[in-house]
1. In this structure, does residue 207 turn out to be buried (at least 17 other Cβ atoms within 10 Å of the Cβ), modelled with pLDDT under 85 and out of contact with any helix residue (DSSP H, G or I) (no Cβ under 7 Å at 6 or more places or on another chain)?
2. Can you go through 183, 227 and tell me which one is at pLDDT below 90 and either over 15 Å from the mean Cα position of the chain (by Cα) or crowded, with 19+ Cβ neighbours inside 10 Å (or both)?
3. Within segment 167-175, is there a residue that is touching a helix residue (DSSP H, G or I) at 6+ places or on another chain (Cβ under 9 Å), assigned by TED's automatic domain parsing to the domain that holds residue 196 and either exposed (fewer than 15 other Cβ atoms within 10 Å of the Cβ) or closer than 23 Å to residue 88 by Cα (or both)?
4. Take residue 202 and tell me if it is at pLDDT below 90 and under 21 Å from residue 97 (Cβ atoms).
5. Identify all residues within segment 116-142 that are outside any helix (DSSP H, G or I) and out of contact with any helix residue (DSSP H, G or I) (no Cβ under 8 Å at 6 or more places or on another chain); write none if there are none.
6. Pairs, please: C-beta under 8 Å, at least 6 apart or cross-chain, first residue surrounded by fewer than 14 Cβ atoms within 10 Å (Cβ to Cβ) and in segment 88-111, second outside any helix (DSSP H, G or I)?
């Protein structure tokens, strides 16, 4: 299947959404087949304790992958267009910070709010929050222990405001630059490869854009760009 068919921004018709769900179902069936085969082998061979432990570890790994993919299905399914309105940026950042600060602490990563000017954007609040939250989650997972993920926002001179997430990971290598936003692509060993795709879809439905770049000082910056609200309808 062509890469452009996997672009979440193109999931705009019912048929295209059905196509994506079929892809998700295919991804779920693969680990399920491994689960079934593993159980059958254990039943047939009556594996020793060591073999049993190895088989169970494999089964648990596949179960975890299924759970993550299922979460992605739910996230994609609940993303719907909404009515845009003025949205203050600071409360969005604070909400996401509160939701993810314990997850970050558990991963040994410091979550920091760098702040920004008082501003509003023209957006769909729920989709804006979803997009920003997925970027924060992705940054935490990409960050080594004892590093920081910083949340900040800026007003651009071109009529767009940016909600930024900076991490101190290894950045995106050139060979992955064209694949990083595609569904099911992940550099994490047990990653579901859906987080950035969900963020991209949420941005599209919020009337925003998702951009990213490797930072000169190391790590990545992922940003949600939303129209700055200055009164009246943009």
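1. No; evaluated as a whole, the condition is false for this residue.
2. Residue meeting the stated conditions: 183.
3. yes
4. Yes; evaluated as a whole, the condition is true for this residue.
5. Listed by number, the residues that qualify are 117, 122, 123.
6. Qualifying pairs under 8 Å: 94/113; 105/111; 108/145; 108/146.
The values are calculated or read from the model by the stated rules, or taken from the named source; none is laboratory data. Here the structure is a predicted model, which means the values were calculated and not measured. Every residue, glycine as well, gets a Cβ built from its backbone with ideal geometry; the counts of neighbours run over all protein chains shown.
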